[in-house]
Every structure is written in C-alpha cells, then in structure tokens.
Amino acid sequence: PRRARRRVVMVRALRCVKLGDPTRLSDGVLRVDDVPRVDVVPPEGVRVAVHAAALNFADLLQCRGLYQERPPLPFTPGGEFSGVITEVGDAVTSAFKVGDAVAGVLVGGGAMASEVVVPRASAQCFAVPSGVDLSAAAAFPVAYGTAHVALAHRARLGAGQ
C-alpha cells in the first residue's frame, strides 16, 4: 500500500547563513529562504502571522557570532515581533484568541519570518491595544525593557527626576 505524502508547508524567513557583517549585503550573511513551518502549536502556545520584526543590537551581534547565544547556522534572527494570532494551543486561556493583535519576544531568535510559533503565549506575548501601530509594537518589548532597567534600576531615577 502507498503511504500518503504529508504536504510540507513552508514559510519565508530571513536566515543568517554565515557569520559576518549583516549590514553589508554583498557579504551574503543574510538570505531570504523558504523553511518548513512548525507543524504543532504547543498547548500553551500560539501561532502568529508576523506583521513586523524588530532589529536590535543583539541581532547584529548574533549574526557576527559575537553574542552570548550562538545558534547553529543557518538560523533565523529576531527576538521581537508583532502580528495576528492564527492558531492557539489547547491550554491557552481566553487571554488570547485567533485574530488578536499581539507583540512578543522569542528567546533565541526566530522572529524574522512570515510566521512564528510562540511556546508560552502568556509569558512571551502581550495584546497590542487598538490604535497602536503593529510596526511600533514589534520594537517595544526589548527597547522598553532595556530603558526601564537602565533608568529605574541602574540610574535609580525617582519621581520628578
């Protein structure tokens, strides 16, 4: 008997295919590829159609091989994203549903793709309020977190300063 072929669904992703300066296009560090889609959304996760992915200093360092986390080549950079939920895991509460606009963080990268699977939606995503541009929302988590730690914890700024 013949086995039914499983159709592999592909997504577009910006891939770091060799270490080097990603700002120099002629170096061939980055390439847009079709990669296999993650088949299963974890019980506490969500699948998001990505609208925007932020580019941070950590992404540049990672592509140069200078960041503390060094994923094997090729890899998809990007720690922050925004988009619309297209699928929710079985254990996801009413906090998230299909069609919700969200932004979030992916530990280890992967946001520079047409879709992402976020393993723990409640810890890695937040709802984007209506009226907030999705491109701006993508750049919010790391930049805000960095500024907050710098001002509140390192500089110890207080009210009125």
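Where a number appears in this text, it was derived from the coordinates with a stated rule and is not lab data. Being a predicted model, the structure only gives us computed values, none of them experimental. With ideal geometry, Cβ positions are generated from the backbone for all residues, glycine too; neighbour counts draw on all protein chains shown.
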**Request:** Rounding to the nearest 20 debye, state how big the charge dipole of region 13-161 is about its Cα centre with +1 on each Lys and Arg Cβ and -1 on each Asp and Glu Cβ.
**Result:** 460 debye
**Request:** List the residues whose amide H sits under 5 Å from the amide H of Val11, counting only those 5 or more places along or on another chain, with H placed 1.01 Å from N in the peptide plane.
**Result:** Val35, Arg37
**Extension gain (nm, one decimal) between Gln68 and Val40, 0.36 nm per residue minus Cα-Cα** = 7.2 nm
**Message:** With θ taken as phi - 60° and the coefficients 6.51, -1.76 and 1.60, list the Karplus ³J(HN,Hα) couplings across region 45-58 in order, rounded to whole Hz; mark glycine and proline as x.
**Reply:** x, 9, 9, 10, 6, 6, 8, 8, 10, 7, 10, 10, 4, 4
**Message:** Need the C-alpha centroid separation for region 44-106 versus region 129-160, integer Å.
**Reply:** 18 Å
**Message:** Taking 8 Å as the Cα distance limit and 6 or more residues as the minimum spacing, I'd like the relative contact order of the chain as a percentage.
**Reply:** 24 percent
**Request:** Take Ala136, project a point 7 Å from its Cα along the Cβ direction, then tell me which residues of region 71-87 have their backbone nitrogen under 16 Å from it.
**Result:** 82-83
**Message:** How would the chain be classified by its alpha-carbon gyration tensor: rounded, prolate or oblate, with rounded meaning a/c under 1.5 and the a/b versus b/c comparison settling the rest?
**Reply:** oblate
**Prompt:** Amide H to amide H, which residues 5 or more places from His51 or on other chains are under 5 Å from it, using H placed in the peptide plane?
**Reply:** Ser82, Gly83, Val84
**Prompt:** If you take the square roots of the eigenvalues of the alpha-carbon gyration tensor of region 60-149 and sort them as a ≥ b ≥ c, do you get rounded (a/c under 1.5), prolate (a/b over b/c) or oblate?
**Reply:** prolate
**Message:** Among Val88, Ala13, His51, which residue has its Cα furthest toward the positive end of the charge dipole of region 1-112, with +1 on Lys/Arg Cβ and -1 on Asp/Glu Cβ?
**Reply:** Ala13
**Asked** Mind listing the phi-derived Karplus ³J(HN,Hα) values for region 139-145, rounded to whole Hz, using 6.51, -1.76 and 1.60 with θ = phi - 60°, and x for any glycine or proline?
**Response** 8, 7, x, 6, 4, 5, x
